[in-house]
Number of protein chains: 2
Amino acid sequence: VRPLVSLVGAGPGAADLMTLRAVERLRAAEVVFHDRLVDPAALDFAPPQAERVLVGKAPGVREWSQPRINRLLVAAARQGRRVVRLKCGDPGVFGRAGEEIAALAEAGFAVEIVPGVTAASAAAAEIGRPLTDRAARRSLLLVSAHPAEGAPPLDWAALGAADATLAVYMGVARAGEVAAALMAGGADPATPVAVVERAGRADARRTAATLGDLAAVIAAQAVRNPAILLIDPPRRAAGAAAAPRRAAAAG
Amino acid sequence: VRPLVSLVGAGPGAADLMTLRAVERLRAAEVVFHDRLVDPAALDFAPPQAERVLVGKAPGVREWSQPRINRLLVAAARQGRRVVRLKCGDPGVFGRAGEEIAALAEAGFAVEIVPGVTAASAAAAEIGRPLTDRAARRSLLLVSAHPAEGAPPLDWAALGAADATLAVYMGVARAGEVAAALMAGGADPATPVAVVERAGRADARRTAATLGDLAAVIAAQAVRNPAILLIDPPRRAAGAAAAPRRAAAAG
């Protein structure tokens, strides 16, 4: 028996990048709680009589706190309704799905997760280049530029030493800080960065930058969220200290 | 004008985890070159008269080399046919898409990438848990256990220091090596590992392990590919040397 509640990935923002399974869940939904950035066309897959509830944050709109969203999901499940929680991208990647699953579990409700296309995949597709290759981009690190309140800052020097393409989510506002931290960790300012806005959508825009000019380029081009930063595996700057992992290997 | 050639993500193995856009490209295809692990039901979306070419490697079957696949794609494009290269998961993640794009570009053909759901997302959905959260799993590292021939081995100690959930692709055969390398880098043998076979499919199977018993559990449970290892952000073993990043921060 399928759980009453499905956390469904809507994909990166274009309705046709949803999966067939996501569409099927929407068609069976009695109530849909959706993020602000979900394509309105995605919601059209739900039956006309299904209730649609926008739970995302938006400028000028009363903010929906995570505990409030959790309470709404639990209340709808208690009513025995078939609930779809429609989240941008993949629910498992920076989607706070864990908090919603925990609240529902505490109330006795199982949850199904329907995975989706995450924004990094759509951003790479937009620039016509894979996220990994067998030479220079051997792994892929997905990271959010917005740490949780009270959490320690991410260790960008360690992240930059992992020989991975960095896909930075929610990175527009903090791009300058992220670039500075990576460079402070020894990354070459010439390391290429691709900035992709609205990946997967007809109005997608690609902007090329480097770590060194990233903040200036974002300001000059008026880059806006939703956007992903794809940072090539940071090269070591000439004369920079050895990478942390080398230092550790020697010690 | 859409390019003649589309590199299309088939998702993690269940046909209903394909995107609507992938289905649309299949419906328009004149020839489909597909990996071995693609769900046969996915191919049913292509017109009956479309040619289907299996280009994956399989035990006992003549191996298709990457250069040969590249040549076939170029030859089909030169014939003016509408080509779909259907790849498991997301084409940009461990899909060797870069080599195919380069071969086509050299022959003068542009390529469109249709992103897909990558296996890590499906594996996390299968165990009902997100890949990231705001406390203990603040980033996500996708890595292949099979480095390219001639490439230096991955630096597992550095990878383990990134405070990231590790999603290891193609990791069944080398799980013992991967676990040993992470533990040699200071990771606690008690670090939890979820092994997910055939994520997203009706016959999916989940097996719980730790870094310390991973190889034994995989052998005892006869775990087979396709499978993903989801390793929690490696905890430092008691008494282990400081993490590389700490050593670097102090130096």
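The values are calculated or read from the model by the stated rules, or taken from the named source; none is laboratory data. Keep in mind that what you see is a predicted model, and the values were worked out from it rather than measured. Positions of Cβ are backbone-derived with ideal geometry, glycine not excepted, and every protein chain shown enters the neighbour counts. SASA here: full protein model, heavy atoms, side chains in, ligands and nucleic acids out. Shrake-Rupley method; radii C 1.70, N 1.55, O 1.52, S 1.80 Å.
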- Item | In the range A:181-214, the residues that are more than 20 Å from A:L140 (Cα to Cα) and small (G, A, S) | A:A184, A:A202, A:A204, A:G212
- Can you tell me which residue within the range B:86-97, out of those that are within 22 Å of A:A204 (Cβ to Cβ) and in contact with a Pro (Cβ under 8 Å, 6 or more places away or on another chain), is farthest from the other protein chains (Cβ to nearest Cβ)? B:G89
- Task: Starting from the range A:17-36, keep only residues that are within 13 Å of another protein chain (Cβ to nearest Cβ), then list their pairs with residues that are of a type in the set (D, E) and open to solvent by less than 10 Å² (accessible area, probe 1.4 Å) whose Cβ atoms are within a distance under 9 Å, requiring at least 6 positions of separation or different chains.
- Result: none
- Would you tally the residues in the range B:3-30 being crowded, with 21+ Cβ neighbours inside 10 Å and either in contact with a strand residue (DSSP E or B) (Cβ under 7 Å, 6 or more places away or on another chain) or assigned to a strand (DSSP E or B) (or both)? 16
- Filtered residues of the range A:103-114 (kept if closer than 14 Å to B:A125 by Cα and either open to solvent by 50 Å² or more (accessible area, probe 1.4 Å) or of a type in the set (D, E) (or both)): A:A110, A:E112
- Taking the range A:199-251 and the residues there that are part of a helix (DSSP H, G or I) and modelled with pLDDT under 80, the one that is surrounded by the most Cβ atoms within 10 Å (Cβ to Cβ) would be A:P244
- Any idea which of A:V168, A:V117 is touching a Gly at 6+ places or on another chain (Cβ under 7 Å), β-branched (V, I, T) and either over 26 Å from B:G200 (Cβ atoms) or open to solvent by less than 30 Å² (accessible area, probe 1.4 Å) (or both)? A:V117
- Could you say whether any residue in the range B:60-74 is among the β-branched types (V, I, T), open to solvent by less than 50 Å² (accessible area, probe 1.4 Å) and assigned to a strand (DSSP E or B)? no
- Residues that are of a type in the set (V, I, T) and in contact with a helix residue (DSSP H, G or I) (Cβ under 6 Å, 6 or more places away or on another chain), drawn from the range B:1-30: B:V5, B:V8, B:T19
- Message: Can you find, within the range B:83-102, the residue that is farthest from B:P40 (Cα to Cα) among those that are open to solvent by 20 Å² or more (accessible area, probe 1.4 Å) and modelled with pLDDT of 95 or more?
- Response: B:A102
- Note on the structure: For the range B:31-51 the number of residues that are surrounded by fewer than 19 Cβ atoms within 10 Å (Cβ to Cβ), closer than 18 Å to B:R71 by Cα and touching a helix residue (DSSP H, G or I) at 6+ places or on another chain (Cβ under 6 Å) is 0
